[in-house]
Amino acid sequence: VTSTSLLLLSGAATGLVGSMLGLGGGVLLVPLLTLALGVPIRTAIAASLMSVIASSSASATVNLRRGLVNVRLGLVLEVATSVGGLAGGVAASLLSERQLHAAFGLTMATMGVVMAARSKRRNVIPDLRVDPGRLGGTLQEGETTFVYRVRHLPFGLGASLAAGAISGLLGVGGGIVKVPVLNTFCGIPIRVAAATSTFMIGVTAAASAVIYYARGDVALPLTAAVCLGALPASLLGARLADRIQARALKVFMAAVLSAVALQMGLRAL
Amino acid sequence: VKPEARLDRTIEAVLASGLLVSAALLLLGLLTGREPLLRLGVLALMVTPAARVAVVTLGLLLRRDFLFALVSLWIVAVLASSLLVALRS
């Protein structure tokens, strides 16, 4: 009973943070399950992928209603993510686990610094006459409607490719790579970046989840508890994100990036 | 209602019903300790994003947005191939 409630809580905690920041939450859940609860890594990754599906689908319902999801942009980026997912499987055999952790930790640390440094900059244009282009869009914030344009799309595609690869390698959704890059380099408002990332992550996770399921890595009661915790928490998190200032979201994201970087760095040593 | 918003509503409904079915099965399975219910719940969960992709593809085709429908079909193909990998293992 105690362990079931612990699992529900783990799912809830990661679902809450994940849905606020556009992460599936796998990047937080996998270490939580393995390090704190002693779950074997493959079981943890499989449970995490399932909870990522639950969490991202739940927050997507809230974000779609709010008009925050850019479906077209999500589709274009998903093409790169899916290729990355395949490439990740191949690359995994070429790199040692230590090199993987080091590379991941270094990337996260850099993104954390960039994110914190640019947290004051805004991506939105408060002029409705500006053409958002084929992939851009509008964002309603209170009474004001803002326009945003997508810049440096190749950067975004590259990040999605990397996100897919990391997803294939580490069993996380990849939002931790996509959201910072989309926000800092591609000119996408943090809320839209998070919502669009969340929207895509469910598909990325489902693609690898079936493979884990077929291999028998899904521990049913454990996975069920984690998912049931993640569901309501994600609905709450997606709603909360709306009330928080964009700047605070960026600082929060920078903090999560640094924490993940530190943990990955320690494992590489 | 703009067509863009109508597709959003449909996607929302697909995701919400998938989650509802899955959550009910998982909860019932946990409370009664019946493994087949948990299994069905997990399967419903995995089907949800795939159903979402199918709906988006269909919606774009109906709207004659062929470029983006093609992009969406690519994702259908990727999901199908991962299902194939899963079935063979």
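Listed values, structure above:
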quantity	calculated
Residues within the range A:243-266 that are within 15 Å of A:LEU28 (Cβ to Cβ), at pLDDT below 85 and surrounded by fewer than 16 Cβ atoms within 10 Å (Cβ to Cβ), tallied	2
Residues of the range B:1-32 satisfying the condition of being surrounded by fewer than 21 Cβ atoms within 10 Å (Cβ to Cβ), at the interface with another protein chain (Cβ under 8 Å from one of its Cβ atoms) and either touching an Asp or Glu at 6+ places or on another chain (Cβ under 8 Å) or not in a helix (DSSP H, G or I) (or both)	none
Checking A:GLY187 against (1) within 14 Å of another protein chain (Cβ to nearest Cβ); (2) farther than 23 Å from B:ARG52 by Cβ; (3) not in a helix (DSSP H, G or I), the condition it does not meet	(1)
Test result for B:LEU38, buried (at least 16 other Cβ atoms within 10 Å of the Cβ), over 15 Å from the mean Cα position of the chain (by Cα) and assigned to a helix (DSSP H, G or I)	yes
Among (1) without any contact (Cβ under 8 Å) to a residue 60 or more places away in the chain; (2) in a helix (DSSP H, G or I); (3) not basic (Lys, Arg) - the single one A:GLY216 does not satisfy	(2)
In the range A:64-87, the residues that are open to solvent by 10 Å² or more (accessible area, probe 1.4 Å), more than 28 Å from B:ALA86 (Cβ to Cβ) and in contact (Cβ under 8 Å) with a residue 12 or more places away in the chain	A:ARG66, A:GLY67, A:LEU68, A:ASN70, A:ARG72
Tally, over the range B:60-89, of residues that are in a helix (DSSP H, G or I), more than 9 Å from every other protein chain (Cβ to nearest Cβ) and not aromatic (Phe, Trp, Tyr)	9
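Okay, residues lined up against (1) at the interface with chain B (Cβ under 10 Å from one of its Cβ atoms); (2) modelled with pLDDT of 80 or more:
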residue: A:VAL17; (1), (2): no, yes
residue: A:LEU32; (1), (2): no, yes
residue: A:PRO40; (1), (2): no, yes
residue: A:ILE53; (1), (2): yes, yes
residue: A:ASN70; (1), (2): no, yes
residue: A:GLY74; (1), (2): yes, yes
residue: A:VAL79; (1), (2): yes, yes
residue: A:ALA92; (1), (2): no, no
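Conditions tested, residue by residue: (1) farther than 17 Å from A:ALA12 by Cβ; (2) buried (at least 24 other Cβ atoms within 10 Å of the Cβ).
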| site | (1), (2) |
| --- | --- |
| A:GLY175 | yes, yes |
| A:GLY187 | yes, no |
| A:ILE190 | yes, yes |
| A:ALA194 | yes, yes |
| A:SER197 | yes, yes |
| A:ALA209 | yes, yes |
| A:CYS227 | no, yes |
| A:LEU235 | no, no |
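The values are calculated or read from the model by the stated rules, or taken from the named source; none is laboratory data. This one's a predicted model, so the numbers in the text were calculated from it and none came from an experiment. Methodologically, a virtual Cβ is constructed for each residue, glycine included, from the backbone with ideal geometry; neighbour enumeration extends over all protein chains shown. Heavy atoms of the whole protein, side chains included, go into the accessibility calculation; ligands, DNA and RNA do not. Shrake-Rupley method; radii C 1.70, N 1.55, O 1.52, S 1.80 Å.
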